[in-house]
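The values are calculated or read from the model by the stated rules, or taken from the named source; none is laboratory data. Nothing here was measured: the structure is a model prediction, and the numbers come from that model.
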Amino acid sequence: MGKKRTREDGKDAPPADNSVDKMDQDSSDDEDFDMVDVEFEWFNFDQEVDFHGVKSLLRQLFDVDANLFNMSALADLVLSQPTIGSTVKVDGKATDPYAMLTALNTFEHREKEPMKDILKYLVDKAQTNDSLSAIPRLINGGNHIGLVFSERLINVPPEIGPPMYSMLIDEVEAAVEDKEPYEFTHYLILSKTYQEVESTLDVEDRKRKKAKETSSIYYFHPEDEVLHKHAVAHGSFKYTKEEDAVADSKRAFQEMGVKAFGHMILIEASKFEGAVKAINAYLSPLQ
């Protein structure tokens, strides 16, 4: 690869003094919440400090199917390109990230572990949903696709996402100028959706009948709905290991459980910048 670009830590990002909801630990009323100020900082990936945090976020992104892949190797692959993508942290560079976003060239890494397995997985999953039929042809055709991994911890405000996408565009543009392999034909964003399902806390009841699913689809990442408007294809798929998931474990103090699905969004590279501008407009940077 060519000369690596650097970005001053904490720079080229929106104002970092933000407020997020956090439960008041001292209150006896579970419904009491306090607003606490949190300083979000944007960093390049760092092989020395980010391995475990990035691996954890990647496992969260792949959900129950994470065990199908070598997630340590995937984290290493992400960290091998420190000037492409970002992490978001709260207590300085040496801490684990609260969020991450990056793009890997599917063709460039097609024979590396675990990219080879992930590409086969994505092709197989795309073939289960007619809405995703364009994806196998592009992957199998040897196109240079930017496979986007974007994930954040639960309750991290979605407004931190658009700046990471904006910085990714700038970083990819600079990489192409440096003759690095980031001239993509498309971006393929791996994400997640979920449905609420009727809770079945009693083990015997769970054995006797499956939880009743609702038809409504919800998004872990609200920007996905905006990205759909600029996409060539988008759709969800069932996880291979979905039987290993217990919806009640994700109830989050609700009456309904949660059943997660994998989700893919395919966007032509020429339309990606417009899509990012749209999510910036939809999720205005925090003030």
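Filter the range 143-156 down to residues that are under 19 Å from LEU190 (Cα atoms) and modelled with pLDDT under 95, then give me how many there are.
Let us first name the residues in the range 143-156 that are under 19 Å from LEU190 (Cα atoms), namely 143-154, 156.
Still in the list and also modelled with pLDDT under 95: 154, 156.
The number of residues fulfilling the criteria is 2.
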**Request:** Run down LYS89, LYS11 and say which single residue is among the basic types (Lys, Arg), farther than 22 Å from GLY146 by Cα and at pLDDT below 95.
**Result:** LYS11
